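> Okay, here's the structure, questions in a sec.
The values are calculated or read from the model by the stated rules, or taken from the named source; none is laboratory data. Source: prediction; values computed, not measured. Quick reminder, even Gly has a Cβ in these numbers, built from the backbone with ideal geometry, and neighbours come from all protein chains shown.
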Amino acid sequence: MALKDTLKARWFWYSNLCVLCWGGWALLSRLGSREISPQTMQFLFTIGTLPVGLALLMARKFKMEPSPRGITYALLNGVLAGIGGLALFAAYHTGSNTAMVTVATALYPMITVVLAVVILRERFRLVQVLGLGFAVAAIVIFSL
């Protein structure tokens, strides 16, 4: 029953689209970082996001959200994503193993989980904690 509900949930399909897009993004990041500097990659990456942002803004008839707090979070999100992206492009640019760099940087959800528990006071069941433990073990084994 739970699987059936998951397959009907919009979050599940959005998550799968995200995984596909980010998988392609990581591959293109590595290919581009072989050819140009991390700074140029970050600049062009930002330019590449503009059409998506403009399309979303046009779909909303150019109306912005009324929440100053939400806008602040979104802008800070962009700053952190920009710095993180630059660091990723720099890691790829070093010529290191693409799989290793991608897996190592994929640890960011661990930070999110810790922050969710500490700041948002979210709770996890034992099975979820066990899953996180297996994820950490997988990363360690993969890096050997």
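> For the structure I just gave you, tell me whether Val52 is β-branched (Val, Ile, Thr), modelled with pLDDT of 85 or more, more than 23 Å from Trp22 (Cα to Cα) and loosely packed, with under 11 Cβ neighbours inside 10 Å. Reasoning before the result, please.
Numbers: β-branched (Val, Ile, Thr): yes; modelled with pLDDT of 85 or more: yes; more than 23 Å from Trp22 (Cα to Cα): no; loosely packed, with under 11 Cβ neighbours inside 10 Å: yes.
Criteria not met by Val52.
> Restricting attention to segment 78-85, does a residue exist that is surrounded by 11 or more Cβ atoms within 10 Å (Cβ to Cβ) and either over 30 Å from Leu44 (Cβ atoms) or β-branched (Val, Ile, Thr) (or both)?
Looking only at segment 78-85, we keep the residues that are surrounded by 11 or more Cβ atoms within 10 Å (Cβ to Cβ), and these are 78, 81-85.
Remaining after also requiring either over 30 Å from Leu44 (Cβ atoms) or β-branched (Val, Ile, Thr) (or both): 83.
Within segment 78-85, one or more residues are surrounded by 11 or more Cβ atoms within 10 Å (Cβ to Cβ) and either over 30 Å from Leu44 (Cβ atoms) or β-branched (Val, Ile, Thr) (or both).
> Would segment 28-42 turn up any residue that is modelled with pLDDT under 95 and within 26 Å of Val136 (Cβ to Cβ)?
Yes, because at least one residue in segment 28-42 is modelled with pLDDT under 95 and within 26 Å of Val136 (Cβ to Cβ).
> Give just the number: which of (1) of a type outside the set (Gly, Ala, Ser); (2) touching a helix residue (DSSP H, G or I) at 6+ places or on another chain (Cβ under 9 Å); (3) surrounded by fewer than 10 Cβ atoms within 10 Å (Cβ to Cβ) does Leu88 not satisfy?
Single failed check for Leu88: (3).
> Another question, if that's okay. How do the pairs read when you match residues in segment 49-72 that are without any contact (Cβ under 8 Å) to a residue 12 or more places away in the chain and assigned by TED's automatic domain parsing to the domain that holds Cys21 with residues anywhere that are assigned to a helix (DSSP H, G or I) and not acidic (Asp, Glu), using Cβ under 9 Å and keeping only pairs 6 or more apart or on different chains?
Lys63/Leu57; Met64/Leu57; Met64/Ile71; Glu65/Ile71; Glu65/Ala74; Ser67/Tyr73
> When the residues of segment 96-112 are narrowed to those that are outside any helix (DSSP H, G or I) and in contact (Cβ under 8 Å) with a residue 12 or more places away in the chain, which ends up nearest to Thr40 (Cα to Cα)?
Looking at the filtered set, the residue picked out is Ala106.
> Going residue by residue through segment 28-46, is there one that turns out to be of a type outside the set (Lys, Arg), part of a helix (DSSP H, G or I), under 16 Å from Leu86 (Cβ atoms) and touching a His at 6+ places or on another chain (Cβ under 6 Å)?
Yes, some residue in segment 28-46 is of a type outside the set (Lys, Arg), part of a helix (DSSP H, G or I), under 16 Å from Leu86 (Cβ atoms) and touching a His at 6+ places or on another chain (Cβ under 6 Å).
> Which residues, counting only those in segment 9-40, are among the polar types (S, T, N, Q) and over 15 Å from Ala99 (Cβ atoms)?
Scanning segment 9-40 gives Ser15, Asn16, Ser37, Gln39, Thr40.
> Would segment 123-144 turn up any residue that is among the hydroxyl-bearing types (Ser, Thr, Tyr), outside the structural domain of Leu28 (by TED's automatic domain parsing) and within 20 Å of Arg30 (Cα to Cα)? Outline the logic, then answer.
Initial filter on segment 123-144 (among the hydroxyl-bearing types (Ser, Thr, Tyr)): 143.
Still in the running and outside the structural domain of Leu28 (by TED's automatic domain parsing): 143.
Right, trim to within 20 Å of Arg30 (Cα to Cα) and you get 143.
Yes, segment 123-144 contains at least one residue that is among the hydroxyl-bearing types (Ser, Thr, Tyr), outside the structural domain of Leu28 (by TED's automatic domain parsing) and within 20 Å of Arg30 (Cα to Cα).
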